[in-house]
Amino acid sequence: MKKALVNGKVITPSRVLDGAAVVVENGKICEVSEDGRIPSGCEVTDCKGLYVSPGFIDMHLHGGGGYDFMDGTPEAVEGAAKAHMMHGTTSLVPTTLTCPDEDLFGFFDCYSEVKKKMKDGPDLLGIHLEGPYFSMEQKGAQDPAYLKKPSPEHYMKILEYCSDIVRISAAPELEGSLELGRELVRRGILAAVGHSDACYQELVPAYECGFTHVTHLYSGMSTIHRRNAYRYLGVVETAYLLDGMTVEIIADGKHLPKELLKLIVKTKSNDRISLITDSSRGAGMPEGSEILLGSLKYGQKCFIENGVAVMPDRTSFAGSVCTSDRCVRTMHKTVGLPIEEAVAMMTVNPAEVMNIADCKGRLVRGFDADINIFDDDINIKHVMVGGEFRF
């Protein structure tokens with residue numbers, strides 16, 4: 001039976017259609033009616049003037065709901081995925097940490113099992129390898145014991161074992177990284193610049209070899225610096241200069257302050273900016289919760305305070321506890337973007353980056369019926385995945 005979402009404020013990439021309706025059937029959107037008219041015989045849901053948007057797409061997250069994807073169990077993968085779905089994430093890309101190879105391959109197996117068996121959850125788009133090919137100078141929270149330069153012997157073993165990898169973040173200035181970039185392009189895998197100390201002169205050749213995206217802009221990367229009397233641009237400035245390069249930002253309002261978020265949207269074309277949570281297991285958990293940063297085996301104790309995870313001595317953040325609805329809320333309410341632009345950064349833009357823009361990210365006829373219904377404060381009221389209400 002066809003389902004119709006009526007009396008909603010339907011968000012498109014360029015405007016909001018007040019009083020419009022969205023009709024879905026067999027998991028797909030079959031009509032968007034600006035005047036609100038729907039076919040007879042539909043199962044009707046009255047949206048009561050709430051916003052109706054495409055489902056959010058999070059292409060960089062590590063966990064949520066008390067689970068980390070690297071915990072090593074299918075229950076953790078499914079639990080984290082469903083925790084984010086409650087906040088409007090209908091499609092996601094589980095992300096790894098730098099770790100021993102045996103743990104990495106164990107996660108691959110867990111992911112494969114959950115992808116086959118999970119019911120009533122969000123879409124799993126594939127795996128994001130964050131590491132181990134990172135700069136020691138920009139390692140951040142990545143375990144330095146397992147950092148390495150990319151070698152064909154290592155990454156080909158990974159790529160041949162796991163066909164679910166859709167994205168790899170690496171430092172392109174490392175020896176062997178350009179060859180890695182070319183191999184990823186050949187396989188249709190997104191090559192992203194992450195935890196990198198590269199300068200402009202190193203990053204431009206990498207961009208030409210396929211490193212077209214920047215992982216969490218401003219976090220774990222070089223900026224302008226001096227060598228003797230001369231100034232050199234870092235990853236941040238190069239990302240601004242290269243118009244075709246896309247970036248992602250942790251829009252929790254903590255990792256990047258309001259003023260910096262405003263600078264990013266003023267400097268970089270908005271259709272090149274995606275929002276991510278980069279969330280730890282603390283996403284969706286209450287203030288004051290004590291959590292582990294990382295896996296159960298190797299994680300560090302930290303706690304949630306003022307909407308972000310912090311180390312016990314409060315000298316540094318201990319990862320994001322953000323959810324997708326909060327990202328949109330930050331860009332709309334704090335930064336001041338129109339709602340359609342904020343939503344596009346969590347839907348249209350990541351769909352483009354992940355090469356799924358032909359089926360996700362927009363409320364368009366023939367696209368997947370992944371839909372959120374939320375209020376003016378971006379509080380999620382209902383989530384639909386593949387034409388079925390999850391709540």
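The values are calculated or read from the model by the stated rules, or taken from the named source; none is laboratory data. The shown structure was predicted, so the numbers you read here are calculated from the model rather than taken from an experiment. All Cβ positions, glycine included, derive from the backbone under ideal geometry; neighbour counts span all protein chains shown. The area values use the complete protein model at the heavy-atom level, side chains included, leaving out ligands, DNA and RNA. Shrake-Rupley method; radii C 1.70, N 1.55, O 1.52, S 1.80 Å.
Just one of the listed residues (D252, D243) is at pLDDT 95 or above, part of a loop (DSSP other than H, G, I, E, B), open to solvent by 20 Å² or more (accessible area, probe 1.4 Å) and within 27 Å of G336 (Cβ to Cβ), namely D243.
Applying the selection to region 227-257, what residues are of a type in the set (D, E, K, R), out of contact with any Lys or Arg (no Cβ under 8 Å at 6 or more places or on another chain) and under 12 Å from T267 (Cα atoms)?
If the condition is that a residue be of a type in the set (D, E, K, R), out of contact with any Lys or Arg (no Cβ under 8 Å at 6 or more places or on another chain) and under 12 Å from T267 (Cα atoms), then E237 is the only one that fits.
Within region 37-52, none of the residues are surrounded by 19 or more Cβ atoms within 10 Å (Cβ to Cβ), aromatic (F, W, Y), under 22 Å from V308 (Cβ atoms) and at pLDDT 95 or above. The selection criterion, being open to solvent by less than 10 Å² (accessible area, probe 1.4 Å) and either under 19 Å from T96 (Cα atoms) or touching a Leu at 6+ places or on another chain (Cβ under 6 Å) (or both), holds for S279. From the residues in region 36-90 that are touching a helix residue (DSSP H, G or I) at 6+ places or on another chain (Cβ under 7 Å) and β-branched (V, I, T), which one is farthest from T277 (Cα to Cα)? For region 36-90, the residue satisfying everything is T73. I need the full set of residues from region 308-335 which are in contact (Cβ under 8 Å) with a residue 60 or more places away in the chain and within 22 Å of S269 (Cβ to Cβ), in order please. Result: S324, C327, V328, T330, M331, T334, V335.
Annotation note: Cβ proximity below 6 Å between a residue of region 244-263 that is at positive phi and a residue that is outside any strand (DSSP E or B) and crowded, with 20+ Cβ neighbours inside 10 Å (sequence gap 6+ or interchain) occurs for G253/T330.
Selection of region 217-233 for residues being over 20 Å from K262 (Cβ atoms), assigned to a loop (DSSP other than H, G, I, E, B), open to solvent by less than 60 Å² (accessible area, probe 1.4 Å) and not hydrophobic (A, V, I, L, M, F, W, C) yields G220, S222.
A quick yes/no check of all residues on (1) touching a Leu at 6+ places or on another chain (Cβ under 8 Å); (2) surrounded by fewer than 24 Cβ atoms within 10 Å (Cβ to Cβ); (3) of a type outside the set (A, V, I, L, M, F, W, C); (4) modelled with pLDDT of 95 or more:
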site: F56; (1), (2), (3), (4): no, no, no, yes
site: M85; (1), (2), (3), (4): no, no, no, yes
site: F105; (1), (2), (3), (4): no, yes, no, yes
site: A145; (1), (2), (3), (4): no, yes, no, no
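Checking the stated criteria, V236 turns out not to satisfy the condition of being in contact with a strand residue (DSSP E or B) (Cβ under 7 Å, 6 or more places away or on another chain), outside any strand (DSSP E or B) and open to solvent by 50 Å² or more (accessible area, probe 1.4 Å). If you check L203 against the conditions, is it part of a helix (DSSP H, G or I) and within 23 Å of A141 (Cα to Cα)? Spelling it out, L203 is indeed part of a helix (DSSP H, G or I) and within 23 Å of A141 (Cα to Cα). One residue is enough: does region 283-299 have a residue meeting the conditions open to solvent by less than 50 Å² (accessible area, probe 1.4 Å) and under 16 Å from the mean Cα position of the chain (by Cα)? Looking through region 283-299, at least one residue is open to solvent by less than 50 Å² (accessible area, probe 1.4 Å) and under 16 Å from the mean Cα position of the chain (by Cα).
Would you point out the residue of region 115-131, among those that are in contact with a strand residue (DSSP E or B) (Cβ under 9 Å, 6 or more places away or on another chain) and either more than 19 Å from I356 (Cβ to Cβ) or among the aromatic types (F, W, Y) (or both), that is surrounded by the fewest Cβ atoms within 10 Å (Cβ to Cβ)? Only one residue tops the list, namely D120.
Determine if region 208-216 includes at least one residue that is open to solvent by less than 30 Å² (accessible area, probe 1.4 Å) and part of a helix (DSSP H, G or I). For region 208-216, residues open to solvent by less than 30 Å² (accessible area, probe 1.4 Å) and part of a helix (DSSP H, G or I): absent.
Name the residues in region 6-35 that are surrounded by fewer than 16 Cβ atoms within 10 Å (Cβ to Cβ) and either hydroxyl-bearing (S, T, Y) or touching a helix residue (DSSP H, G or I) at 6+ places or on another chain (Cβ under 8 Å) (or both), would you? Scanning region 6-35 gives S14, R15. Meeting the requirement of 3 or more residues that are at pLDDT below 95 and over 20 Å from D58 (Cα atoms), the strands (runs of 3 or more DSSP E) wholly within region 287-391 are 290-293, 300-305. Reported count of residues in region 309-351, each being under 15 Å from R362 (Cβ atoms), open to solvent by 50 Å² or more (accessible area, probe 1.4 Å) and β-branched (V, I, T), is 0.
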